[in-house]
Amino acid sequence: MPQYWTIDTPEQINAFLLDAAKRRAKGQSVTVKFEAPESHVTQKQFNALHVWCGEVALLLTQCGLDMKAVLKPEIDISWSKDSVKQYLYKPVLEALTGKQSTLEQNTIEPSAVADHISRHLGDKFGVTLPPWPDRFNRGQE
């Protein structure tokens, strides 16, 4: 089972090195993978993206703004979490960052993309989207 370390202080560095040394003394293999937190979207942010997309889908549907009204007149489909992600979130992500996958995002981009979408839908349709989910609002205002 993998063990993860967040190392922000000298004490945490020492604790990590001590743990690695103990494992080696027991004959265990130690593999270290370095990853800067800002280099990739976190699992919590990825989960928040799915929560937010679901909330946006529900709100747009409740406001009578189906995909036909928001995207293309020839499409008459209700919103879902997946369609919000595919047809709203990902195109804005690509326009802002050049990234096509939500897995390529850094830790700043998810809320920035959501802010752009919120501003656009607010200006164009007068709807206020839910805030980006975090540990304080859990997607609720």
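The values are calculated or read from the model by the stated rules, or taken from the named source; none is laboratory data. Quantities reported herein were computed from a predicted structural model and do not represent experimental measurements. Glycine gets a Cβ as well: all are built from the backbone with ideal geometry, and neighbour counts include every protein chain shown. For accessibility, only protein heavy atoms count, side chains too; no ligands or nucleic acids. Shrake-Rupley method; radii C 1.70, N 1.55, O 1.52, S 1.80 Å.
Within segment 37-136, which GluC sites (Glu not before Pro) sit in a loop by DSSP and count at most 12 neighbouring Cβ atoms inside 10 Å? Mind dumping the intermediate values first?
Details: sites: 38, 55, 74, 94, 104; in loops: 74.
Passing sites in segment 37-136 are 74.
Subtracting the Cα-Cα distance from 0.36 nm times the residue separation, let me have the gained length for residue 96 to residue 31 in nm, one decimal. If you can, show how the numbers build up before the last one.
Working: separation 65, 0.36 × 65 = 23.40 nm, distance 3.55 nm.
Roughly 19.8 nm would be gained on extension.
Coordinate range of the alpha-carbon atoms in segment 1-133 per principal axis, descending: 67, 26, 25 Å.
What the Cβ-Cβ distance of residue 47 and residue 82 gives, at R0 = 25 Å and to the nearest 0.05, is a FRET efficiency of 0.95.
In Å², what does the accessible area per residue of the chain work out to with a 1.4 Å probe? Don't jump to the answer; show the numbers that get you there.
Numbers: 9760 Å² over 141 residues.
Here the per-residue accessible area is 69 Å².
For the chain, lysine pairs with C-alpha atoms less than 22 angstrom apart, excluding pairs fewer than eight positions apart on the same chain, total 21.
Ordering 69, 107, 9 by Cα displacement along the dipole of the chain toward the positive end leaves 9 in first place; charges were set at the Cβ atoms of Lys, Arg (+1) and Asp, Glu (-1).
Grab the Cα-Cα distance for residue 63 and residue 11, subtract it from 0.36 nm times how many residues apart they are, and report the gain in nm with one decimal.
Residue separation times 0.36 nm, minus the Cα-Cα distance, leaves 13.5 nm.
A Förster radius of 30 Å, combined with the Cβ-Cβ distance separating residue 22 from residue 134, puts the computed FRET efficiency at roughly 0.25. What separates the Cα centres of segment 44-64 and segment 73-120 is a distance of 11 Å.
When only the Cβ of Lys, Arg, Asp and Glu is charged (+1, +1, -1, -1), the dipole of the chain relative to its Cα centre reaches about 540 debye. Hydrophobic, long helices, defined as DSSP H runs whose alpha-carbon span along the helix axis is 20 Å or greater and whose mean Kyte-Doolittle value is at least -0.5, occur in the chain at 10-25, 43-62.
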